[in-house]
Structures are given as C-alpha cells and as structure tokens.
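Shown next, in structure tokens, is the structure this report addresses.
Throughout, read-outs are computed from the coordinates displayed, never taken from laboratory work. Predicted model only: the values in this text are computed from it and were never measured. Neighbour counts run over all protein chains shown; Cβ positions are idealised from the backbone, glycine included.
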Amino acid sequence: MKPLSIISIVACFSIVFALFSGVSFALDQNEASVSLTWSNPAPYQGSTVTVMVVFNSDSAEELTIYYVGLHFDWMDSDAFSGPDLSKDPVTISGYGSHTFGPIAIVIPENVTIGAHNYFVGIDGLQGESAGFSWDSPTQTLQIQDYETLVYNALLTQVADNITAADNGKYQSSEAQSLLQQAKNEYALALSFANAENWEEAIPALQKAFTYLEQANAEEQNYISAESQQGDLLLIVGVVAVAAVAVVAIVLVSRRKRKPPVDQPTDA
C-alpha cells in the first residue's frame, strides 16, 4: 500500500501544480488565429507603417489580453512592437474576437531589401488563472528600396503631365518637340525600372519632367504671341476702317462745297 500512497500523493501534487501554473490550460496554437491588414503591404526602408491585428479566439474560455506585439527578424530575440495593455487589459469572450491597432511599425533605414519574417505575440490569461504566451505562425513582409518610393512618386507625376500635354494638343512645333523628348526619357525610365536600375531610372524621369515644363512654357509663349498678333491685326483692321471712313467723309464734304457750273444762255 505504501507505493500506492506515494503515487497518489505525486498525482495530487501534479494536479495542483497544473492548476496554478497554467501549463495544462495554456492557450494552444490551434485555439486562436490572427489576420492582419497593413497600411502598406510592401513598405519602404525608413518608413513607418501601421497594421491592424484581428485576434480570433477558438477557446471556450474567456481570454484577458495584456500585451500584443509583432516580432520581426531584424529585432533582438525578445523584442516586440506593440501596445502594453497591462494597465487596461482587453477581455475577449469565449470564441470571440478583437481588433488591435493601429499598431505603428518603424522600418529601419538599414534593413535589407526583400522578404522578412515576422509573427504576432500575445500574452494574457485563459480563464481566471491560466497564463499563456501565444505566437502566431510566421508570416513575411516585403521591404522595398527607398529609391522605389521616389521613383513611383515621380513616375505618377510625369505620367499625369504627359497625359495633360497630349490632351492639350500643343500648337507650337517647339513644344511638340520637347514633349516627344519627355516621352523618350519616360520610356527609358520604364526600361531602367524593369531592371531595378534606380540610379538611371530616377534621373531619366527628372529629365522627362524638365522637358515637360519647358514644353508647357514654350506653348504658353506661343499662345501669347499668337494672341498678341491677333490683337495687332484687329487694331490695324480697325484703324484701316476708320481711315477709309475719314476719307469718305472728306470726299463727301468736298462735293457739297463745289460751286455750281454756269449754264450757257441762248443768243
């Protein structure tokens, strides 16, 4: 009977330890899930993005959340970005859900370009006393080169200006020539961008932008000159009409003042 008593005592201690340590009640991996919505799913180096984290509980017990954070592979092993909710914890009912965020994520300027691994970490209580630390499956975030941000912004501006110039139907031959040069540089920029050669793509767009500004200025000067020439012709026309009118008035006046011719008398 002694060995049986020892086993019973050990079993009791195991149950008590499990109840107070939370080991047996810790949130399992399959008892929760998260879905994320990024303000920019492919952020740039040195930028700040935000993310909304929707936490879905598949546990029948109530969950109390004290901390939510995201860990990226460029961070120290124990580092997270997210809010500390210990002073104002969030309670999620059984099989409930909650949206956390927006959570601001700062992308380091020196982080490498490409895909980076990350996961969501959540700490809290399951039920009344079972503490847990739950990690989501690993996901990836694509980091872009900062130069692509500059390129994309300039690309949109140049494309819009080219469309506006085409719709404007330039009359000046010089403006038309400058517009064509802008289109040539724009095409070069696209080819450089396809090869991810930003050092050539960005200057090509800058040249295109300069040509477009020059083309617009040339067209405005042309329109102004044409308008002035039209005004001058109008003035000349008015003056000519006025001159003709004056001459006509003078001729009429002279005819009225001409003495009558004496008629010959019969002998």
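Charges were assigned to the Cβ only: +1 to each Lys and Arg, -1 to each Asp and Glu. The resulting dipole of region 27-144 about its Cα centre is roughly 440 debye. Dividing the Cα radius of gyration of region 27-144 by 2.2 N^0.38 Å, with N the residue count, gives 1.08. Run through region 90-142 and list the chymotrypsin sites (Phe, Trp or Tyr not before Pro) located in a DSSP loop whose Cβ has at most 13 other Cβ atoms within 10 Å. Loop-located and lightly packed - 95.
In terms of Cα atoms, the Rg and Dmax of region 108-233 work out to 25.8, 95 Å.
Enumerate the residues in region 34-72 having an amide nitrogen under 17 Å from the point lying 7 Å beyond the Cα of residue 146 toward its Cβ. The answer is 43-49, whose backbone nitrogens lie closer than 17 Å to the label point. Spin-label pair residue 76-residue 28: with each label point 7 Å from Cα along the Cα-Cβ axis, the two points sit 3.5 nm from one another. At a Förster distance of 25 Å, what's the computed FRET efficiency of residue 128 paired with residue 106, Cβ-Cβ distance as r, to 0.05? With a Förster radius of 25 Å, E is 0.10. Sparsely packed loop sites in region 158-234 (the trypsin sites (Lys or Arg not before Pro) outside DSSP H, G, I, E and B with at most 15 other Cβ atoms within 10 Å) comprise 169. Label-to-label distance, residue 169 versus residue 220, with points set 7 angstrom from Cα along the beta-carbon direction: 2.2 nm.
Calculate, for residue 210 and residue 35, the FRET efficiency according to 1/(1 + (r/R0)^6) with r their C-beta to C-beta distance and R0 41 Å; round to the nearest 0.05.
Efficiency computed from Cβ-Cβ geometry: 0.35.
Between the beta carbons of residue 115 and residue 84, assuming R0 = 25 Å, the FRET efficiency works out to 0.30 to the nearest 0.05.
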